[in-house]
Structures are given as structure tokens and as C-alpha cells.
Amino acid sequence: MAGKILVGTSSWADPGFVREWYPPKLTARERLPWYAERFEYVELNSSFYAVPDRTTVHKWVEETPDGFVFDVKAHRLLSRHSAQVESLPPELREQAQVSGRGRVRLTPELETALARRLVEETAPLAEAGKLGAYLVQLTPAFSPAKHSLGELDNLIATLQPQRVAVELRNRNWLRDERRDDTLRWFSDHGVAFVAVDAPPDEHFSIMPSDFDAVTTDGLAVIRLHGRNTEGYLKGKSVAERFAWRYEDDELEEIAGRARSAAEQAGEVHVAFNNNRGDDAPTAAQRFRSLLGQAPAGEEQLRF
């Protein structure tokens, strides 16, 4: 039997959602329950910037129905992005090595401590059966010319046995003979390869949209970044980088990819990251309709 396809967005609290998608005057506390009435899945985006508090995570569990799934973004430092010391939990700041510009140096000790803290604070999701996977969204600077995927081994081991998905942001990992080695690392470590829908350009920071891979039987992931090449490469805000209004023919194409992945994995997560205004939730609702998961009501979809 085909695996289950879960559809959602890469945040539920994006400012554009608040302005254009949620009903006017809906309070911040009401947004997640309202979102969870329309989707079964979401990415937790705030954890990229700071490890969430366990008490807050408990509230998210209580505010969502049974079976609702969260993918949790790993902290930006764990994903090899630049991070300021203030983004770390207070008790980890003293042990952090900091550059003259205030950027934290990732050491093996800090990596383990930060990853363990993320696991501890998000444990309520796992205990409730609502933790989909930890998502490690690597920086484009993490290239095969300077790095090895083996550098992630300690991080993956610390986050497991929960499921882990890794999104590469440097297409050189998939060029020529290196592709087989890359996919072998994913398979050997039980890590889900994150496929993308991205702008049609061969810039090194844009992963190819015509490549899908299922590297673990339990999970496949597709993240949709829109197809705005200029915005993706030159945009200075999230809205500028990922601005894209998906049309039905594009969504049908992606639906085919999701169905194909579901033939190989028990669960497929499709996350809309085209976060300009209400583009992401609107497209995600339409996508669910095309999959037969939700009615295509005009009021609901706002097309």
C-alpha cells in the first residue's frame, strides 16, 4: 500500500499568514488550533532560531488533535549556519567559543549539548506521537569541496532514534559520481533525503527539482521553495526569496512526485515554503484538494 502523504507549510506563524490568511482578530493562541483544523502537518520554524521551551511545546501538543505531526527544524548552528551566542540556551552560552564578530564556533562538545537540549525540550512531541522528524537545513556553504557528510555523523546520532531529514543546499553534492556517495551516506545513516521544488537555475545554491530520492523506508520529504530564480538568489527577505504563486499544473506535477515517493516510503511530508503573504497555505490547501484530501471550496482556497 502507498504511504501516507502529509501536507503543510514551513511555519504556522509567518507574518504573511497573519496578515492575509488567518481570520482578522484571531489571537496568537488561536492560530495553531485553527491551522490544525485545515492541515495534519507543519514545520516548526522557530526552533531554527532558538530551542523552544518544553512548557511551550506541551501547549502545542494540547492545541493540536491526535495524529497531527510536527517536523522540527534543528537550530541554525546545528545546520552549519552563522549564529550569535544569544541564540543559544543561556546555560550553553558560557561554554561557547565566540569569534570577534560574536559568531559562535561549533565544537563537537557544543554540538552534542545543543542537540541534546533540542531533543529534551521537544520530547513532549515525541511522547505524544507528534514528532515527525528533525529537519537539518544545511547552509549552501556546506559544500563537498570543503566538507564531508561524515561531519554530520555525531549530530545524526544525537538526534536519533527519532527520524532525521537533511536538506542539502549545495547542488554539487549531487553532481556526477559524487551523487552515489551522497545517497549512500543518507541510506547508511537512515536519514531522509529532502527533495525540493526550487527555481529552474543551476546556481550552486539551488538544488535540482528534477531529482528525487527515497533513502529510508519510513519517510520521504519534499519542500517547496517556489520557482522565482531572481528572488531566490537576490532577495533580502523571506518574502522576496520564496515569493511564488503555484498554479494547478505545477501542483499536479508535484503531486505526481509525492505519489511516487509514497510508493517507496511509509510517510511523505510535503512542506510549502513559498512564504509570501498567504501563498503557502493557499497552495497547500489546493494541493490537498488535488490529492483528494480536502474539498476544493472556493471560500477555503480563495482563488
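The values are calculated or read from the model by the stated rules, or taken from the named source; none is laboratory data. In this text, all values refer to a predicted model and were calculated from it rather than measured experimentally. Here Cβ is always computed from backbone atoms with ideal geometry, including for glycine, and neighbour counts include all displayed protein chains. Side chains included, ligands, DNA and RNA excluded: accessible areas come from the protein's heavy atoms. Shrake-Rupley method; radii C 1.70, N 1.55, O 1.52, S 1.80 Å.
For the chain, the solvent-accessible area with a 1.4 angstrom probe is 45 square angstrom per residue. With θ taken as phi - 60° and the Karplus curve 6.51 cos²θ - 1.76 cosθ + 1.60 applied, the whole-hertz 3J(HN,Hα) list for segment 45-60 is 8, 5, 5, 5, 9, 7, 5, x, 7, 4, 5, 5, 4, 4, 5, 4 Hz, x standing for glycine and proline.
Sorting the segments 126-134, 99-107 by their residues' average number of neighbouring beta-carbon atoms within 10 angstrom, most packed first, yields 126-134, 99-107. Of the two radii for the chain, the radius of gyration is 0.94 times the Kirkwood radius, both from the alpha carbons; that is the Rg over Rh value. Note on Ser82 and Thr139: the model spin-label points, each 7 Å out from Cα along the C-beta direction, lie 0.7 nm apart. Here's the picture: a label point sits 7 Å out from the Cα of Ser237 along the beta-carbon direction, and within segment 40-61 the residues with their amide nitrogen under 20 Å of it are 45-46, 49. With 32 Å as the limit, the listed pairs Lys25/Lys234; Lys25/Lys73; Lys59/Lys234; Lys25/Lys236; Lys25/Lys130 have Lys25/Lys234; Lys59/Lys234 beyond it between alpha carbons. Amide H to amide H distances under 5 Å link Ala220 with Glu267, Val268, His269, where only residues 5 or more positions off or on other chains count and H is placed in the peptide plane.
One decimal place: the segment Glu30-Asp180 gains 49.4 nm when fully extended, by the rule 0.36 nm per residue minus the C-alpha distance. Estimated from helices alone, the mean residue ellipticity of the chain at 222 nm is -9500 deg cm²/dmol (sum of -39500 (n - 2.57) over DSSP H runs with n ≥ 4, per residue). For an R0 of 35 angstrom, estimate the FRET efficiency from the Cβ-Cβ distance between Glu263 and Arg54 and round to the nearest 0.05. Once rounded, the FRET efficiency stands at 0.40. Remark: the Ala2-Arg38 segment gains 10.7 nm on full extension, using 0.36 nm per residue and subtracting the alpha carbon distance. Among the GluC sites (Glu not before Pro) in segment 225-259, those placed in a DSSP loop whose Cβ has at most 15 other Cβ atoms within 10 Å are Glu247. Pop the C-beta distance of Glu63 and Glu20 into the FRET formula with R0 = 22 Å and round what comes out to the nearest 0.05. So the FRET efficiency works out to roughly 0.50.
Note on segment 23-140: Cα-Cα pairs beyond 23 Å make up 35% of the total pair count. Calculated translational diffusion coefficient of segment 72-212 (10 °C, 1.306 mPa s; Stokes-Einstein with Kirkwood radius over alpha-carbon pairs) equals 99 µm²/s.
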